[in-house]
1. If I model a spin label as a point 7 Å beyond the Cα along the Cα-Cβ vector, how far apart are those points for Ala80 and Ala66 in nm?
2. How large is ³J(HN,Hα), in whole Hz, for each residue of region 67-80 in order, when computed from phi with the Karplus curve 6.51 cos²θ - 1.76 cosθ + 1.60 and θ = phi - 60°, using x for Gly and Pro?
3. Going by C-beta contacts inside 10 Å, put Met1, Met55 in order with the fewest on the left.
4. Going by how many other Cβ atoms sit within 10 Å of their own, how do Asp19, Asp77 line up, fewest first?
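Please treat every number below as a calculation from the coordinates, not as lab data. Nothing here was measured: the structure is a model prediction, and the numbers come from that model. So basically every Cβ, Gly included, is an ideal-geometry build from the backbone, and we count neighbours across all protein chains shown.
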Amino acid sequence: MPKFRKKPVVIEAEQFFPDKRPYPKGVCNTPDGICGCVLLGGDTGPHIHTLEGLMHVGPGDWIITAVKGERYPCKPDIFAATYEAIVE
């Protein structure tokens, strides 16, 4: 079977913590009723609008801004295994 390597892509990311304000760009929190979104199961906690729909955002998750400006959450362990910091 052929093998492939993921192309190197530079992304922007910010880690989410519920007690740190302001939230990373794109993160909604509905208890204040501003967003009005409801996740599966009726959850109204922190979430982000992605190309695949609404996704829950948990403490420590990274909010990634991808190559076309789309945003999505990434669990810390997956982020650490996939990305490394670059020094500019």
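1. About 2.4 nm, to one decimal.
2. Each residue of region 67-80 in turn: 4, 9, x, 6, 10, 7, x, 9, 5, x, 5, 5, 4, 5 Hz.
3. Met1, Met55
4. Least to most surrounded, the residues fall as Asp19, Asp77.
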